[in-house]
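These notes are about the structure you will find just below.
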There are 4 protein chains.
Amino acid sequence: MSFNTFGHLFRVTTWGESHGPALGATVDGCPPGIQIDPTAIQHWLDRRKPGQNRFTTQRREPDEVEILSGVFEGQSTGTPIQLMIRNTDQRSKDYGEIAQAFRPGHADITYWQKYGIRDYRGGGRSSARETAARVAAGGVARAALAALVPGLQIIGYMVQMGPQAIDRSRLDLEEVERNPFWCPDATTAAAWADQLDGLRKSGNSVGAIIEVVARGVPVGLGAPVYGKLDTDLAAAMMSINAVKGVEIGDGMAAAALTGIDNADEIRMGPNGPEYLSNHAGGILGGISTGQDVVVRFAVKPTSSILTPRRTVTRDGQETDLITKGRHDPCVGIRAVPVAEAMMACVILDHLLLHRGQVGAGPRGQIG
Amino acid sequence: MSFNTFGHLFRVTTWGESHGPALGATVDGCPPGIQIDPTAIQHWLDRRKPGQNRFTTQRREPDEVEILSGVFEGQSTGTPIQLMIRNTDQRSKDYGEIAQAFRPGHADITYWQKYGIRDYRGGGRSSARETAARVAAGGVARAALAALVPGLQIIGYMVQMGPQAIDRSRLDLEEVERNPFWCPDATTAAAWADQLDGLRKSGNSVGAIIEVVARGVPVGLGAPVYGKLDTDLAAAMMSINAVKGVEIGDGMAAAALTGIDNADEIRMGPNGPEYLSNHAGGILGGISTGQDVVVRFAVKPTSSILTPRRTVTRDGQETDLITKGRHDPCVGIRAVPVAEAMMACVILDHLLLHRGQVGAGPRGQIG
Amino acid sequence: MSFNTFGHLFRVTTWGESHGPALGATVDGCPPGIQIDPTAIQHWLDRRKPGQNRFTTQRREPDEVEILSGVFEGQSTGTPIQLMIRNTDQRSKDYGEIAQAFRPGHADITYWQKYGIRDYRGGGRSSARETAARVAAGGVARAALAALVPGLQIIGYMVQMGPQAIDRSRLDLEEVERNPFWCPDATTAAAWADQLDGLRKSGNSVGAIIEVVARGVPVGLGAPVYGKLDTDLAAAMMSINAVKGVEIGDGMAAAALTGIDNADEIRMGPNGPEYLSNHAGGILGGISTGQDVVVRFAVKPTSSILTPRRTVTRDGQETDLITKGRHDPCVGIRAVPVAEAMMACVILDHLLLHRGQVGAGPRGQIG
Amino acid sequence: MSFNTFGHLFRVTTWGESHGPALGATVDGCPPGIQIDPTAIQHWLDRRKPGQNRFTTQRREPDEVEILSGVFEGQSTGTPIQLMIRNTDQRSKDYGEIAQAFRPGHADITYWQKYGIRDYRGGGRSSARETAARVAAGGVARAALAALVPGLQIIGYMVQMGPQAIDRSRLDLEEVERNPFWCPDATTAAAWADQLDGLRKSGNSVGAIIEVVARGVPVGLGAPVYGKLDTDLAAAMMSINAVKGVEIGDGMAAAALTGIDNADEIRMGPNGPEYLSNHAGGILGGISTGQDVVVRFAVKPTSSILTPRRTVTRDGQETDLITKGRHDPCVGIRAVPVAEAMMACVILDHLLLHRGQVGAGPRGQIG
């Protein structure tokens, strides 16, 4: 990852600001001959788009993707795919005050200090709108994965909002699409709705934890020791706005385990080795084991809130700032489809890297 | 990060296996004219080297670094610096059984499956011995930082071992060098010693959490949106052996906060803006704020233990495996100097990237 | 350079096909605070655009650039600059026959063989239309260079068309803008006009040699040994459509020289060392000397010609192919502004790389 | 290519100075399971090593390669391969004068100006000794190519020394190994011997042109538009010391051709399309055609000569400089094995890139 590009062979460069005319992703290195269906990409974008219920920003953006290059007669040609999304509902007048004062907890101040210039309208480049481009690129990655790894599934969901985590005994992935939180636990989803209504009305916001699982990932993906699959997943998730922590498998809780407990023991199954547990989250030594790849990350609460916070202006004046405008009370909600997209991009990239260096499929047999 | 290289402008490629003749780091892109003192690099290596007390592996390695290139009359020339460390205490006979059976929780199985060949002696490339090369490279990075950012400090320490965390009210960085755990809380260090003696004797191991803080980091480092400072730090730490989670600032706990609590409010101080708290861990929008940069990560327990665990052999036979040989009961201990080295490399790299794109120093003034 | 991206810190990714809806360049890593004037970028595009006289393709394209991101209130923000150019004069019906048969000397056949799919309309991605995106990106690079290296000049011109070279004793850069060949020798330009009229009427085409000179390049740019300034210039020029050879300074003719003749002797001038000749083309050991950087490259004749050539179809049928449509009889002409753009991008990139690693300006003094 | 690394997936980082303790190459991304035979690598090094006849430098270096990592039981493991060559015949006293004065035509002055420090002993990093590391890395690439593309051949030879070119009607590749010039024309080789004896005795040197041909390169290698096969070959050759020009196929002479002449016409052969000529040098649109890949490059005369040349010292004093020490009168001779090595590395890299993005083999069939 460097500047605005991520990926090694499947490389995505995003561009665009919250209130500019458009934003998008330049996707390079896609395998040729992949069916790229604009409606399929739109499907993923629709999951992320704002204004769909009272728990996300009320900005109305159709988030319609235009494919400007790299697809011919419905198939990828192996040349760069340009995905463009027009911004349509900018209301720059909302952002007058923010042009001068820096929102505490927001990138306003560091962009200004680093570059000496910033597009303050809607957060400019630091806006979560940038993630629409990731989702579009992820749609391309999913299309390629569907062709190259049939059966691979990527599923994201929210497992904690504020202090309240789901009850894993009730985890039901069927529930994920049935509530506005992508929550796999219906009971907890109902509680979150109450909680978030309260926070929203009081001009506050809240953080969240998202989990993304990839099933059916081939054995052997990941390039130790600095291109490990988990290294790239950690980078991919940490690059999402407002993310402050990333875990693989047991994550931070692995610290509390002993070696006896942590060992994912192995037995032979009908199709090769099988693991009796998955503390590792599907990755050992940076290489996929064939088990579910499990990633979790924490999203901090939205920093744009209606409650006054102490800050300073560009002129060095101290002030109290209320952020008006249309903001997500829990930006973690919309991070779910974004994280799925990042997972898809990373897995595809490592699949291509692996077949570049090693060839198709893993090389070492067991049994 | 890709394959065995990390960094953008300050680029480190490590090479070598646990039981080969040598290992090392090829450091490219170091600024010229930096005093590179072999004894200073050796100082950092000595902190990591094995066999220093009963809580680390009893393998005896002097870990003496040889500088083979890139330094002339005591100064870096701007050309690649080759740092080589000879392996001297290989005992390959220890590893006979591991040539056939895969240690649960270890990279043995995935290296085999991916590549179809592996140097099983001591874990080969997946051994924590690789981190000696990181520490040597970090010594070069520290020398460059000392010249370019006087006053910058990087301090790592252990904050949790197994289930027991330090008491932050007792945190005293003076303590860090006084106990074998790099623990900043003397009371907890004593408890850990008891705990680890017990685990070691029972043929078990345990995980840990490490915290690394960089003080005096200039404002403005980090290249959004995919070359963020926190993105690269997350990748750097996750690339260390056995790491399963990475946090910046409040990390996973940020999920439980509200926007009101999470906002690091700002006031004007004598030298510019000052923050009233540091939930952000010194990074906003991927760019350093000038506050302490705070990173934490979890290390899982060593998978090589003396307690039998169920596994399979390359031939597909089920077996119970005991890992003899000399292993760290808590590999997290020796991760402390490694993490400091990674922090140094990442900060230097971003310093060079920033001055490449933007010029020396931040551009935007406040007040 | 990799896939569709070139540059290290100033990175340009071009996208788009000849007959798609649009093409463009994603420019990442531009320094912030640079005046980006769309009319200035348009100025460079207008020099390259087709249909300006009878010696270039009669396709009519306004080549109007839209800046979709990265510029705020007339200045670069340091975030990606998206430059988009709409295609308006596609006539896909011209290309029916080429969908089946491969033009000899053209990328038709290799794109098909490599990818198994190609956008055959107008050559798709392999069309020289891609170079419009380079020229737009070069306009951004020129703007940055104007701010960072006042006085730097980049001038391209044609020095040979077919077998006829200019007479260097008549070289006058004032002439370059006065004839349709960017020829610095008015007499030769007139001869070329006659020659090209004849070739065009007979359904033929011809090659050319272009020279590009950069004046005022600072001393010290270039990163030996694989990021040399001349290495990157050679790659940049060779990446332009139809280029078959690249020379720095004396180029291929250096082979015939002796060491006595080739030495660019040095004397002290009022502002430091001065060279008595410039066989080296302004680059020694991959690093700029401060003299004129001189690059030359050969462009092969357009392969799309009205004279039948023997070839095969996708079905393996042998056939004779005449390429109708609108083609440049000497594609070298329009390569001149493209090469200037590539020179600008490479120099800016190396300027940023140098200040990243070494700091602003050269470090070693003489005298 | 950047700093001291070249390649995308097969990545080579060279390190070391002429008079340091050692130099070498860190080779990353090699496919696993490749037989790496130290004696085979030594074979290539022996072809390049100095002191083999009166036409190359009299420095005596055994150039023995040590493989420090990445090879286990005779096979590559997929992890970094460290190739180290000790310097044994440094005579630093030869270089006293050069510490102060800059050789005209040499990198002495630009290294000093760029970095403010240089290892002047034997040219330090800018010495042609660096190319030994390339040849060693090329040996690894050849081993991988032998496994992946049986039948692929890479042959380099000298086609011009000073003003005298070979007579192509006498070209006989059997001759290449029979004379000290790698000359495929015995008559010309004899003439060159006389010529070079004269130049050497008069304290002069001379340039040369080298040609390298790769036979049996698969169709479809090359990643348009900035990772073209010819782009990377041009960069690879231009990165070799003293190279001033690079040509693919007809090279600079393509400028003089018409489109009718330049078209490599195509007929169907028993195994697919066949070309009736090879003006293109085996590359169309940046992608290999399956014909011979033909690259030529010019090497300027050695700048270290015994004839006094005017120059300046670091203190700004004007002086006349004679370069004593042991130098190649025609450094082009030893560039032959170096260029072969670069060709091998580039082709392997593109083979891996192609199979990463597209899969094994070309995708589009003809007939």
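By a 1.4 Å probe calculation restricted to protein chains, C:E247 has an accessible surface near 20 Å², given to the nearest 10.
Local charge for B:G203 was computed over the other residues whose Cβ lies under 14 Å away, with Lys and Arg +1 and Asp and Glu -1, and equals +2. The separation of segment D:258-296 from segment A:114-130, counted between C-alpha centres, amounts to 50 Å. Positive contributions from Lys and Arg (+1) and negative ones from Asp and Glu (-1), summed over other residues with Cβ under 15 Å from the Cβ of B:Q75, come out at +1. What is the percent carbon and sulfur in the accessible area of segment C:221-300, measuring with a 1.4 Å probe over the protein chains and ignoring ligands? Roughly 49 percent, rounded to a whole number. Mean partner shielding of peptide C:207-217, defined as the number of other chain Cβ atoms within 10 Å of each residue Cβ, is 2.
With everything on Cα atoms, drop me the angle between helix D:229-238 and the longest principal axis of chain D, reported from 0 to 90° to the nearest 10. With both axes taken from Cα atoms, the answer is about 10 degrees. Decide, for segment B:311-353, between rounded, prolate and oblate: order the square roots of the alpha carbon gyration tensor eigenvalues as a ≥ b ≥ c, take rounded if a/c falls under 1.5, and otherwise choose prolate if a/b is larger than b/c, else oblate. In terms of gyration-tensor shape, oblate. Please identify the trypsin sites (Lys or Arg not before Pro) of segment A:85-158 that satisfy two criteria: DSSP loop assignment and at most 16 other Cβ atoms within 10 Å. Which are they? Here the sparse-neighbourhood loop sites are A:R91. Mean separation of Cα pairs under 8 Å and 6 or more residues apart, divided by the residue count, gives segment B:275-367 a relative contact order of 17 percent. Within the full protein context, the accessible area of B:D197 is estimated at about 20 Å² for a probe radius of 1.4 Å.
On segment A:91-204, 49 percent of the accessible area sits on carbon and sulfur atoms, based on a 1.4 Å probe.
Checked against a 21 Å cut-off, the cross-linked pairs C:K228/D:K114; B:K201/B:K300; D:K228/D:K300 give Cα-Cα distances beyond that limit for D:K228/D:K300.
Per residue of the protein assembly as shown, what 222 nm ellipticity follows from adding -39500 (n - 2.57) for every DSSP H run with n ≥ 4, rounded to the nearest 500?
-8000 deg cm²/dmol
This model, with +1 at the C-beta of Lys and Arg and -1 at the C-beta of Asp and Glu, gives segment A:269-367 a dipole about its Cα centre of some 220 debye. When accessible surface is computed with a 1.4 Å probe, chains D and C are found to bury approximately 9300 Å² between them, both chains counted. Roughly how tilted is helix D:332-357, in degrees to the nearest 10 and between 0 and 90, from the longest Cα axis of chain D? Roughly 40 degrees between the two axes. How tilted is helix C:186-201 with respect to the longest principal axis of chain C? Cα atoms for both, answer in degrees (0 to 90, nearest 10). Between the helix axis and the principal axis of chain C, the angle is about 20 degrees. Residues of segment D:316-342 that lose at least 50 Å² of accessible area (1.4 Å probe, protein heavy atoms only) when the other protein chains are present, relative to their chain alone, are D:E318. Of all chain D residues, the closest to the D-onto-A rotation axis by Cβ, with that distance in whole Å, is D:G356, 1. Rolled with a 1.4 Å probe across the full set of protein chains, the surface gives A:C345 an accessible area near 0 Å². Entry note, chain C: relative contact order of 21 percent, from Cα contacts under 8 Å with a spacing of 6+ residues.
Obtain the nm distance between the two label points defined at A:R168 and C:T187 by a simple spin-label model: each point lies 7 Å from its Cα along the Cα-to-C-beta direction. So the label points at A:R168 and C:T187 sit 8.7 nm apart. Karplus-based coupling profile of segment B:13-27, in residue order and whole Hz: 10, 9, 8, x, 10, 4, 10, x, x, 6, 9, x, 9, 9, 9, with θ = phi - 60° in 6.51 cos²θ - 1.76 cosθ + 1.60 and x standing for Gly or Pro.
Going by the alpha-carbon gyration tensor, a ≥ b ≥ c the square roots of its eigenvalues, is the protein assembly as shown rounded (a/c under 1.5) or, if a/c is not under 1.5, prolate (a/b greater than b/c) versus oblate?
Prolate, because a/c is 1.5 or more and a/b exceeds b/c.
The C:Q35 and A:R54 beta-carbon pair, evaluated with R₀ = 41 Å, returns a calculated FRET efficiency of approximately 0.40. Heavy atoms of the protein chains alone define the surface here; on that basis the protein assembly as shown has 28 Å² accessible area per residue at 1.4 Å probe size. Label segment B:106-174 by shape, choosing from rounded, prolate and oblate, from the square roots a ≥ b ≥ c of the eigenvalues of the Cα gyration tensor; if a/c is under 1.5 it is rounded, and otherwise prolate applies when a/b is larger than b/c, oblate when it is not. Taking the square roots of the gyration eigenvalues as a ≥ b ≥ c, segment B:106-174 is oblate.
The values are calculated or read from the model by the stated rules, or taken from the named source; none is laboratory data. These numbers come from a predicted model, not from an experiment. Neighbour counts run over all protein chains shown; Cβ positions are idealised from the backbone, glycine included. SASA here: full protein model, heavy atoms, side chains in, ligands and nucleic acids out. Shrake-Rupley method; radii C 1.70, N 1.55, O 1.52, S 1.80 Å.
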